[in-house]
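Worksheet for the structure shown next.
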Amino acid sequence: MKFSPYLLSLFILFSTQLHSQNAKLTGKVTEETGEGLISASVVIDASKGWAAVTDLNGSYEISVPAGTYDVSFHYIGKEEYKQNITLQAGENRILNVILREKQRMIDEVVVSGSKYEKKLSEETVSMDVVKGSALTDQNITSLDQGMTRVPGVTIADGQVNIRGGAGWSYGAGSRVQVLIDDLPLLTADAADAKWDVVPMENVDQVEIIKGAASALYGTSALNGIVNVRTAYPTDEPYFKVSLYSGVDEAPTISPDMKWWGKVPPLLGGTSFAYREKFGQSDLVIGGAFDGSTGYLDSSTVHSVRGNVKYRYRFKKIQGLNIGVNASAYYSWGEDFFLWNGIDSNGYKPYPRSISIYKSYRFSIDPFVDYFDKHNDQFKFIGRFFNATNTNNTGQGSVPNTYYAEFQYIRKFEFKAFDFHLVGGLVNVYDDVNPPADATNSLFGKNNEENFSAYAQTDFKFFKKLNVSLGARWEYFNQNHYVKDSTSPGHYYQRLDTTQNSLKELPYPLFRLGLNYQVAEATYIRASFGQGFRYPSIAERYISTSVGAITVASNPNLTPEKGYSAEVGIKQGIKLGKWMGYADVSGFLNEYQNMMEFTFGQFGNPAQSFGMGFSSQNIGRTRILGSELVLAAQGNAGPVAIQLLAGYTYLDPRVLDWNNTLNLYNDLGQKLTNTGVAAAAYNQNNNPQHTTDITYAMTSSSADNILKYTSRHLFKADVTLNWKALEYNTNVQFNSYQQNIDYAFISPLLQAFEGTAFSGLAQYRAMKENIPIGKGRGDIVWNMYLAYNFKAGIRVAVVVKNLLNWEYTPRPAYFSEPRNYTLQLSYTFKGKSKKEAK
């Protein structure tokens, strides 16, 4: 059967005329700064497919028949905008829309909870958000200093502890995954966070998840995550430069600790940030220099850092952008691990514990992001991260991390519900070697590989109920090499040990979260998430010493795993011109095979009896607790006020308190409570006089409580603005750490190491006998006063540790005394390209 050419021509003509009757609506959706909003929804009639999602530039396009319509524009955390329009047949209408911020703190937008933008109120887990500007205004030059301001969070030796779930682990093996723009900041050797690499001058906001997040972020997210999101340029060019100079005051309670002469300890530095758009290119540059003579004797430190962030947004390929981030850091100075005692020895180092070091850190992070017209997002992010450390002892490490992740994100919308699908594949290869000129090595030669696959679906039913369901499967393989004398010229050659995670983790990790909007500003949530942490190379294979104290390897160390469960309610508050929220939660964290550095005869008995520390599995632990967080902003007359405060209560228990611990020395031999080592254990916690070792016997406390945890934490941060004046006060309270390693205060170490440990025993005895309640904690009060000139100049006086409180964030190490700093900054914001025209 032949088709008439006349009928074919008529059909084509009719189709063309029918199509020409359609109208086209195009435009751009931006926020108030002029920045295009990605993934904003533009809806005329979703049931007929008359809807669009904006691309990476905020642009959209919808084709509809001629007629009159109501067009609505939606974006998370923004006020909805609606407009009635009439479109003529064949018309091409341009409609540009600015979406403004919702005036509710509860609607703040976060990314880390689900890997896409979502309102804070709808998250199924507890999260806190800290703005980068709030940190730089307080002259915080390293992010770990800022984390101490977050409710429920503490820092010791650079290790972050969320709700008591991490303790203190001697600088190795973090239970909190630290990220910068979704890429891990933990090193290949010790799995510790290099906070000083973070470009504070270009931080947009920091998002903190409290609780296990391994289903999305893998190992080291057992206790939560800290994700640093750096800024992109807006339509307005931005430039800021800051200078600061400060001085430390002598101690008040123990003036004998002052070791310096007429010139007090000094610190100073400078930083700059530059952000601008050039056509389809986005460029961010930053850098900083920091230096300090140190309030501790032998603690001078200097560092210089630079960073670049570049993104190119393709015009011909809508939705595609590529880019690269890079950073470089160099630091040199000296440090020590233990004081020499209290009173006049408090700020002085224990002999043979000083380390003169140099650190080199470099990272390069390429990425590709494509968002198509069907609502699919494909993303690749990669990282090479080197964190070389060398020191005067001939030890050191050259750790390299190679990271690659592919993500897929898709949003589906239906009448009754919509959901996001997030999935990804991750491959990480870590290579750790001794420095080329090292006479010894901290860890030797090692490499490890991690492969994981994850997926999460977030459902939203009837605009009220959010349900998150996620899973992740992980595989680890770790190889350790030893010296091979049969291969001249190859210092480390022979594979000695290889271990993988198939036995400990043959199944995926799961998480489930619920969030139900009961009323307009009332959200109830519940979550359960499994966690897993594979031992770091440092924890398994470290070999070093601090003075006469050994830090020994433990190849028998097994992974730890556990879960977090939480219920909470977030209530939005609006009273007149005041708005904010209150968040109340109860939580449970439970771990199996928890890893902790423990004291014992782990090293060679011929070297100081082999006494020292080693990472060991201590069994099951459980942390119950509750938390209250209040956030508010408003006006008291002409004064604008912002408040963030939180109280956290913890009940951290060891479920195997009196059960036998299987502790192994570096040869794999099980330790017993006999011989010289018995004097380093708390025999008062051994009523049965057993030769086995228990967690109670390694503890200074007679009560069952996890080591290095404070049961009560309180944080409050208040900022007042009146005209050009700005005042901030920040208060932190941590209750007394009731339990530490008994070895630190044992008669053995007091005799063995002298003043360092006898001083620690005296210090703790003094704290426990303070008249105002046994076990009084520590208070740190910081404040600043600033004046903002119209020309973009800001002058601030910052006082840290206003009370000049003497406290130890970890044993045998005093924190900084009162410090006065003068900060001067200049900020330039140019006109957007459109305004300039």
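Annotation: average projected area of the stretch 751-834 is 10.0 square nanometres, based on the convex hull of Cα atoms across all directions. Compactness of the stretch 61-110 is given as radius of gyration and Dmax, 14.2, 43 Å, from Cα positions.
Between residue 504 and residue 751, the modelled labels are 3.7 nm apart [label points 7 Å from Cα along Cα→Cβ]. By the Kirkwood approach, averaging reciprocal distances over each pair of separate Cα atoms, the stretch 436-566 gets a hydrodynamic radius of 18.5 Å.
Short to long, the 5 Å bins of the Cα pair-distance histogram for the stretch 702-801 hold 3, 11, 14, 14, 13, 10, 9, 8, 7, 6, 4, 2, 0 percent of all pairs. Just to confirm my numbers, what's the Cα centroid distance between the stretch 556-604 and the stretch 683-709 in Å? Centre-to-centre (Cα) distance: 24 Å.
Nearest 5 percent is fine: what portion of the DSSP beta bridges confined to the chain is antiparallel?
95
Scanning residues 5 or more positions from residue 445 or on other chains, those with amide H under 5 Å from its amide H are 481, with H placed 1.01 Å from N in the peptide plane. Estimated at 0.36 nm per residue, the fully extended path between residue 691 and residue 289 surpasses their Cα-Cα distance by 139.3 nm. Against the chain, whose longest principal axis is taken from its Cα atoms, helix 5-20 shows a tilt of about 60°. Here r is the Cβ-Cβ distance between residue 574 and residue 461 and R0 is 35 Å; the resulting FRET efficiency, rounded to 0.05, is 0.85. Among rounded, prolate and oblate, which fits the stretch 660-722 when a ≥ b ≥ c are the square roots of the eigenvalues of its C-alpha gyration tensor, a/c under 1.5 means rounded, and a/b larger than b/c means prolate? It is prolate, given that a/c is not under 1.5 and a/b is the larger ratio.
How many percent of all Cα-Cα pairs in the stretch 228-337 sit more than 25 Å apart?
Roughly 45 percent, rounded to a whole number.
From largest to smallest, the equivalent ellipsoid semi-axes obtained for the stretch 99-236 from the alpha-carbon gyration tensor read 24, 18, 14 Å. With only Cα atoms counted, the stretch 166-237 has Rg and Dmax values of 13.4, 45 Å.
Overall, the chain carries a charge dipole of about 1760 debye about its Cα centre when +1 sits on the Cβ of Lys and Arg and -1 on the Cβ of Asp and Glu, all other atoms neutral.
Can you give me the Kirkwood hydrodynamic radius for the stretch 170-313, using every pair of distinct Cα atoms, in Å to one decimal?
This gives a value of 18.0 Å.
With N counted as the residues of the stretch 557-668, its alpha-carbon radius of gyration over 2.2 N^0.38 Å works out to 1.74. Here the convex hull built on the C-alpha positions of the stretch 490-601 has a volume of 223 cubic angstrom per residue. Projecting the Cα atoms of 554, 75, 624 onto the charge dipole of the chain, computed from C-beta unit charges around the Cα centre, puts 75 farthest toward the positive end.
Pairs with C-alpha atoms separated by more than 28 Å, drawn from the list 309/723; 415/574; 348/445; 194/445; 118/723; 131/574, are 309/723; 415/574; 348/445; 118/723.
If R0 is 45 Å, what FRET efficiency do you get for residue 372 and residue 262 from their C-beta distance, rounded to 0.05? After rounding, the FRET efficiency stands at 0.10.
With q set to 0.20 Å⁻¹, the log10 of I(q)/I(0) for the stretch 391-491, from the Debye formula over equal scatterers at the Cα positions, is -1.00.
The mean of 1/r over all pairs of different alpha-carbon atoms in the stretch 36-77, once inverted, gives a Kirkwood hydrodynamic radius of 10.8 Å. When the chain is described by a simple charge dipole with +1 on each Lys and Arg Cβ and -1 on each Asp and Glu Cβ, the residue from 519, 452, 162 located farthest towards its positive end is 519. Ranking 397, 368, 329 by Cα position along the charge dipole of the stretch 319-423, where only Lys, Arg, Asp and Glu carry charges on their C-beta atoms, puts 397 farthest toward the positive end. In the chain, the ratio of gyration radius to Kirkwood radius, Rg to Rh, stands at 1.00 when only Cα atoms are counted.
In the stretch 604-687, Rg over Rh equals 1.32, where Rg is the alpha-carbon radius of gyration and Rh the Kirkwood radius from pairwise Cα distances. Our helix-only sum for the chain, with -39,500 (n - 2.57) per DSSP H run of n ≥ 4 divided by its residues, gives a mean residue ellipticity at 222 nm of -2000 deg cm²/dmol. Taking all protein chains into account, the per residue accessible area for the stretch 382-453 stands at 41 Å² (1.4 Å probe).
As a calculated quantity, the FRET efficiency between residue 494 and residue 404 at R0 = 22 Å, using C-beta atoms, amounts to about 0.15.
The orientation-averaged projection of the convex hull spanning the C-alpha atoms of the stretch 106-146 amounts to 3.5 square nanometres. Treat the stretch 342-394 as a sphere of radius equal to its Kirkwood radius over Cα pairs and apply Stokes-Einstein at 25 °C in a medium of 0.890 mPa s; give the translational diffusion coefficient in µm²/s, rounded to a whole number. Approximately 154 µm²/s, per Stokes-Einstein. Quarter the surface of the alpha carbon convex hull of the stretch 310-446 and you get the mean projected area, 14.5 square nanometres.
Simple spin-label estimate for residue 622 and residue 797 gives 5.3 nm between the two label positions (7 Å along the Cα-to-Cβ direction from each Cα). Summary of packing: across the peptides 365-377, 292-304, 80-92, the per-residue average of other C-beta atoms within 10 Å ranks them, highest first, as 292-304, 365-377, 80-92. Placing dummy labels 7 Å off each Cα toward the beta-carbon, the span from residue 828 to residue 343 is 5.8 nm.
Give me the compactness ratio for the stretch 97-175, meaning the Cα radius of gyration over 2.2 N^0.38 Å.
Dividing the Cα Rg of the stretch 97-175 by 2.2 N^0.38 Å gives 1.33.
Remark: relative contact order (the chain) = 10 percent; criterion is Cα-Cα distance under 8 angstrom and separation of 6 or more residues.
The values are calculated or read from the model by the stated rules, or taken from the named source; none is laboratory data. The model shown is predicted, which means the values in this text are computed figures rather than measured ones. Note: ideal-geometry Cβ built from the backbone for every residue, glycine included; neighbour counts use all protein chains shown. Ligands, DNA and RNA are excluded from the accessible area calculation, which covers all protein heavy atoms including side chains. Shrake-Rupley method; radii C 1.70, N 1.55, O 1.52, S 1.80 Å.
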